[in-house]
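Asker: This is the structure, below, for whatever I ask next.
The values are calculated or read from the model by the stated rules, or taken from the named source; none is laboratory data. Keep in mind that this is a model prediction, so the values were computed, not measured. No Cβ is skipped: glycine too gets one built from the backbone with ideal geometry, and neighbour counts run over all protein chains shown. Accessible surface areas use protein heavy atoms only, side chains included; no ligands, DNA or RNA. Shrake-Rupley method; radii C 1.70, N 1.55, O 1.52, S 1.80 Å.
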Amino acid sequence: SSGCYELSNQNYTFSSICYAGQGRFVSAYRDTSGNMRCRVLTVNTTTYAITVGGQEYVGGSAFTIQNDSSERYQTRCIWHPPTNKIIFLYCQSGTTFYRAIYGTMNYSSNIVDTWANTNYPIWGTTETFIINDSPALAYDPDTQKIIFYAFYNGSTASVSAAAMTINTSDITMGTRYEVQQGSGMASNNMSVGYDTGTNHAVFSWKGSNNNWMMRIANVASN
């Protein structure tokens, strides 16, 4: 390591970082005005020095996201290698459901640009009971889908997942899949990964009995 690098000298809420190819990382956070922002961080492969890029509004213009000072409604981001898109997950102010929006990693300018002209609710805008302290994302290189995993506090509370298809000019949301039902689960202790050896998504969560649970699943067409 060649030292520490400051993302900001203001009281921003830093929430997520993802690798973006070619020595770049993208950080996403909530600024002091409540807007969702991002920066591109470039790592020099020889000296390992980090260049911190300028601030950008996620989506290309300002919008306010939920206050995550208590670490609820966290922002998330993930790189989709086939399309070079960065997928951002957020909960907009005044709502309690998650949305996705994407931009494209521009390696020449070290910014994220070519933003989508709309956002995509993960499980629909009427399902305003998705509450989770720690939504999780994973990339499946076999089907080239992004897996979204969160606590779903609906009519049948569950830890649930959806496979998102990242197309050239939009996102297609898959059907919500209940990994495990139960309202007493600890929603802030969830993670998802992808096992390329067996081609399975691997889900973990803390059950209502405080035991750590795990389940694997195939990623189907939707």
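Asker: Show me, for the range 157-167, the HN-Hα J-couplings you get by feeding each phi into the Karplus relation (A = 6.51, B = -1.76, C = 1.60, θ = phi - 60°), rounded to Hz, glycine and proline as x.
Answerer: Once θ is set to phi - 60°, the couplings for the range 157-167 become 4, 6, 8, 10, 9, 9, 9, 9, 9, 9, 8 Hz.
Asker: Can you compute the modelled spin-label distance between Gln181 and Thr156, with each label point 7 Å from Cα toward Cβ, in nm?
Answerer: It is 0.4 nm.
Asker: Which FRET efficiency value, to the nearest 0.05, do you get for Asn44 and Thr64 by plugging their Cβ-Cβ distance into 1/(1 + (r/R0)^6) with R0 = 30 Å? Intermediate values should be presented prior to the final figure.
Answerer: Numbers: r = 35 Å, r/R0 = 1.17.
The calculated FRET efficiency here is 0.30.
Asker: A further question follows. Per the 1.4 Å probe, what fraction of the accessible area of the range 22-67, in percent, lies on carbon and sulfur atoms? Don't skip to the answer; put the middle values down first.
Answerer: Working: 940 of 2030 Å².
That share works out to 46 percent.
Asker: Okay, next question. Taking 7 Å along the Cα-to-C-beta vector as the label spot, tell me the Asn209-Thr114 distance in nanometres, rounded to one decimal.
Answerer: 5.0
Asker: Okay, moving on. For Asp195 and Thr51, calculate 0.36 nm times their separation in residues minus their Cα-Cα distance, and state this gained length in nm to one decimal.
Answerer: Numbers: separation 144, 0.36 × 144 = 51.84 nm, distance 3.21 nm.
Full-extension gain reported as 48.6 nm.
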